[in-house]
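The structure appears below as structure tokens.
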Amino acid sequence: MIQSFNCILPHEPPVALILGSLPSVASLTEQQYYAHPHNAFWRIIETLFANGTPCTYDERIELLKQNRIALWDVIARAERHGSLDSAIQADTVIPNDIVGLLKAYPSITTIYLNGSTAATLFKRHIAKQLSTSVQIIQLPSTSPANARIGFKVKLGRWGVIKEMCRAQ
């Protein structure tokens with residue numbers, strides 16, 4: 001059974017929540033979100049919020065916090081062999097308490113779903129329980145398995161996060 005990481009919360013009430021599916025083998029080994037060197041997540045965050053300057057993991061987390069962005073996964077625990085989302089055993093999925101998080105932080109106005117698996121899992125396990133009017137935006141997966149979409153396209157689509165942060 002694979003266990004997700006704790007939610008990363010900013011110092012001030014978050015305005016956005018980014019949700020992935022479940023940590024990869026590389027992430028579990030490093031005990032860091034998006035640790036696979038070919039995952040575009042941190043490169044996108046660094047481009048959007050640090051002018052493309054490479055950052056340490058702690059600095060990356062601080063970028064999210066400074067911009068009032070929370071980070072978590074849809075799944076709290078599940079069986080999966082390897083790192084591919086397609087290998088997640090659907091009957092073993094236990095979701096994180098995202099509804100509870102949204103109740104605790106009504107300041108969250110937008111949820112960004114990192115890829116189609118996160119979106120599918122969110123719809124299946126979370127969406128029907130929502131009582132708040134939070135905006136849900138599915139973004140292209142930053143996973144290296146999503147090679148059909150190049151970095152520039154991913155960055156362009158993920159740019160909505162920076163736009164939302166500017167508007168706050």
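The values are calculated or read from the model by the stated rules, or taken from the named source; none is laboratory data. All of these numbers come straight from a predicted model, not from anything done at the bench. When we count neighbours, we look across all protein chains shown, and the Cβ atoms used for this are built from the backbone with ideal geometry, even at glycine. Please note that ligands, DNA and RNA were not included when accessible areas were found on the heavy atoms of the full protein model with its side chains. Shrake-Rupley method; radii C 1.70, N 1.55, O 1.52, S 1.80 Å.
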Reachable aspartates and glutamates from K128, criterion Cα separation under 18 angstrom, eight or more residues apart if same chain: D73, D97
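Assuming a viscosity of 0.890 mPa s and a temperature of 25 °C, what translational diffusion coefficient in µm² per second does Stokes-Einstein assign to segment 48-149, Rh being the Kirkwood radius over Cα pairs?
Numbers: Rh = 15.3 Å.
Estimated diffusion coefficient is 160 µm²/s.
Please calculate how many Å² of accessible area the chain carries per residue, with a 1.4 Å probe and no DNA, RNA or ligand atoms counted. Display every interim value, and only then the final one.
Details: 8480 Å² over 168 residues.
Value returned for the chain: 50 Å² of accessible area per residue.
Determine the shape class of segment 89-168: with a ≥ b ≥ c the square roots of the Cα gyration tensor eigenvalues, call it rounded for a/c under 1.5, and otherwise prolate if a/b is greater than b/c, oblate otherwise. Intermediate results must be reported in sequence, preceding the final value.
Values: a/c = 2.88, a/b = 1.16, b/c = 2.48.
Oblate is the answer for segment 89-168, as a/c is 1.5 or above yet b/c matches or exceeds a/b.
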Where labels lie 7 Å past Cα in the beta-carbon direction, separation of A147 and T109 in nm: 4.0 nm
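Taking loop as defined by DSSP and a crowding limit of 16 other beta carbons within 10 Å, which GluC sites (Glu not before Pro) in segment 59-154 fit? Walk me through the intermediate numbers first.
Numbers: sites: E59, E62, E79; in loops: E79.
Of the GluC sites (Glu not before Pro), the ones in loops of segment 59-154 whose Cβ has at most 16 other Cβ atoms within 10 Å are E79.
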Carbon plus sulfur fraction of accessible area for the chain, probe 1.4 Å, in percent: 50 percent
Residues of segment 46-80 with amide N under 11 Å of the 7 Å Cα→Cβ point at Q3: 77
Within straight-line cross-link reach of K152, lysines at Cα separation under 19 Å, skipping those fewer than 8 residues along the same chain: K162
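Under 8 Å for C-alpha pairs, at least 6 residues apart: give me the relative contact order for segment 30-93, rounded to a whole percent.
Details: 38 pairs, mean separation 11.8, N = 64.
Across segment 30-93, relative contact order equals 18 percent.
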DSSP-defined beta bridges in the chain - what % are antiparallel, rounded to 5: 30 percent
Electrostatic dipole magnitude of segment 48-168 [Cβ: Lys, Arg +1; Asp, Glu -1; Cα centre; debye, to 20]: 380 debye
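Would you work out the relative contact order for segment 1-64, in percent, from Cα pairs under 8 angstrom that are 6 or more residues apart? It would help to have the intermediate numbers written out before the result.
On the way: 37 pairs, mean separation 14.9, N = 64.
Normalised by residue count, the contact order of segment 1-64 is 23 percent.
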Residue (of S133, C7, P23) at the positive-pole extreme of the chain, dipole from beta-carbon charges: S133
Cα gyration tensor category, rounded, prolate or oblate, for segment 1-70 with a/c compared to 1.5: oblate
Gyration tensor (alpha-carbon) shape descriptor, segment 117-160, a/c threshold 1.5: oblate
Ranked order, R166, R43, R77 - accessible area, probe 1.4 Å, largest first: R166, R43, R77
In nm, spacing of pseudo-spin labels at A26 and A87 (7 Å Cα→C-beta vector): 1.4 nm
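Restricting to Cα pairs below 8 Å that are 6+ residues apart, what does the relative contact order work out to for the chain? Please round to a whole percent.
On the way: 271 pairs, mean separation 49.0, N = 168.
In percent, rounded to a whole number, it is 29.
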